[in-house]
Amino acid sequence: MNRAVLYTSIFPILLIAVSSNLDNIGVGTSYGVRKINIPIASNLLIAVVTATGTFLSIILGQTVCLFISRGTAGLLGGGIIVVAGLWVVFQERFMHGVREPSQAEPILKARCSRYGLRHIVQILDNPIVADWDFSGHIDLREALALAFALTINNIPNGVGAGTLGLNAYAMTAAVFVVSIITIWLGIYFGKLGVRWMGRFTGVLGGVLLICVGFYEIFF
């Protein structure tokens with residue numbers, strides 16, 4: 001992709017990277033409220049895994065573009081991102097209630113499973129499950145499971161970005177950097193006791209995705 005095209009793609013790249021990682025603020029807030037720390041190494045691992053998943057999903061989207069026209073690719077990519085945004089808003093409004101610590105702990109003790117898809121699904125529903133040993137910090141093994149859970153949410157955005165023809169390397173780099181920042185921001189807000197931040201940022205991320213999708217479809 002030439003330099004001019006890359007520059008004109010910076011706006012959607014940054015918006016998609018930010019909106020895809022706003023969930024991280026919700027995760028970090030949950031941990032900050034409960035005094036659960038994410039060390040630098042664990043945060044870097046989360047960023048590497050989510051960025052890698054984003055890169056692979058972008059490549060998938062670009063591959064799809066080889067078999068359809070440019071106009072169709074724009075409509076498809078924008079449509080995927082709009083649907084992903086609507087799904088995020090639906091989840092945040094109707095499926096992911098914010099649990100207080102007193103409500104979360106009994107659920108964790110009864111349901112927490114260390115390995116496999118079930119564990120990742122539990123993390124998607126309640127990020128506190130990632131700290132399966134209740135140590136108060138997320139080690140590398142726990143960070144890996146958390147990273148896979150966060151990556152699942154990023155896959156549709158990556159496919160949509162790839163279908164739109166956005167630069168895979170720039171998008172991956174943006175996701176990597178924003179992932180690190182949003183995790184730490186979430187923990188900071190959580191330690192300040194800003195409990196509503198997780199719900200607010202989740203909905204905001206979905207709305208941003210919807211806006212980006214419609215922008216790409218109509219402009």
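Since every read-out is calculated from the coordinates, none of them should be taken as a lab result. No experiment lies behind these values; they were computed from the predicted model shown. Reconstructed Cβ throughout: ideal geometry from the backbone, glycine too, with neighbour counts over all protein chains shown.
What FRET efficiency comes out for Arg93 versus Leu60 if R0 is 45 angstrom and r is the Cβ-Cβ distance? Round to the nearest 0.05.
For Arg93 and Leu60, the calculated efficiency is 0.95.
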Provide the FRET efficiency to the nearest 0.05 for the Leu140-Ala173 pair, computing r from the beta carbons and using R0 = 25 Å. 0.65
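By how many nm would the segment from Asn37 to Val207 lengthen if fully extended, with 0.36 nm per residue of separation less the alpha-carbon distance?
Answer, rounded to one decimal: 58.3 nm.
Roughly speaking, what is the stretch gain from Asp133 to Leu192, that is 0.36 nm per residue apart minus the C-alpha to C-alpha distance, in nm to one decimal? Before the final figure, lay out the partial values.
On the way: separation 59, 0.36 × 59 = 21.24 nm, distance 2.44 nm.
Separation in residues times 0.36 nm, less the Cα-Cα distance, equals 18.8 nm.
As an exercise, use a Förster radius of 35 Å and the Cβ-Cβ distance of Leu86 and Ile181 to find the FRET efficiency, rounded to the nearest 0.05. Before the final figure, lay out the partial values.
Numbers: r = 26 Å, r/R0 = 0.73.
FRET efficiency, Leu86 to Ile181: 0.85.
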